[in-house]
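Just below is one structure, and these are the notes that go with it.
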């Protein structure tokens, strides 16, 4: 069984919980791997690679992620979300014009300080392990990119204001930190009160499914997306020469009489089966193909 599952993670599950539940439906020797961790509080798209698909993960363009988030003003959280310890600021009212201006400041390339409650390593330990011991360490800023940040709705309340945001961002962005930092700029404080991931690269919300929709291994196979599903950005080359197929079967380089640009490509059989991912080296009137990841010939 090889391919991808577009799982919808529900609230309270960890990303590992999803993998553990899926193991009930696959051979115990089948490898599983998820793309991009989601916190237990968050819901939404969690792509899972099955079998040989785990070998494709380094080639996937999961750099673009999209979220719908809710932030609540009037308090800050030690975890920067609703599951942490809240400290109320006494200020919660939001001026919409000010909010629009602040949102512009957080669009484009910006720098974030990762939260203490995160899985980043520090001297051999995860930051969240240190945070649970009450230890706070200095964290280096990281550059991220917010491609688009839209205000969907502002809902005023008596003691807080709830703001719904849609965020399209680069890999490595902490939406919790984004909410926290916007709250600081507003002067009210804020924490992330809900989060749903609606896109990871080529995986979208509309064709995701929950694990409890699975009944058996047959239903899992029905949900399985092809091995090449997330490789739409790579050019495709069909290999029909027996000699080239022989070289490919042993992972050796070969040439084709085509002028290809340098980069990564997908190699297919005449029947349309994904054979390998390879690197191209253009030369005069030919291209050298160097296989990097083999599929059909794996044992």
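The values are calculated or read from the model by the stated rules, or taken from the named source; none is laboratory data. Not measured: the values here are computed from a predicted model. Positions of Cβ are backbone-derived with ideal geometry, glycine not excepted, and every protein chain shown enters the neighbour counts.
One table, with the values for the structure above:
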item	result
Considering residues of region 14-37 that are at pLDDT 90 or above and either crowded, with 17+ Cβ neighbours inside 10 Å or outside the structural domain of residue 55 (by TED's automatic domain parsing) (or both) only, the residue farthest from residue 50 (Cα to Cα)	15
Of all residues in region 217-244 being in contact with a helix residue (DSSP H, G or I) (Cβ under 7 Å, 6 or more places away or on another chain) and at pLDDT below 90, the one that is farthest from residue 5 (Cα to Cα)	217
Selection count, region 186-209, where residues are assigned to a helix (DSSP H, G or I), under 23 Å from the mean Cα position of the chain (by Cα) and in contact (Cβ under 8 Å) with a residue 24 or more places away in the chain	2
Failed criterion for residue 263 (all others in (1) over 22 Å from residue 54 (Cα atoms); (2) modelled with pLDDT of 90 or more; (3) within 32 Å of the chain's Cα centre (by Cα) hold)	(1)
Count - residues of region 210-244 that are farther than 30 Å from residue 27 by Cα and assigned to a strand (DSSP E or B)	3
Counted residues, region 166-192 - those being buried (at least 21 other Cβ atoms within 10 Å of the Cβ) and touching a helix residue (DSSP H, G or I) at 6+ places or on another chain (Cβ under 9 Å)	9
Some residue of region 109-123 being modelled with pLDDT of 90 or more, within 22 Å of the chain's Cα centre (by Cα) and surrounded by fewer than 15 Cβ atoms within 10 Å (Cβ to Cβ)	yes
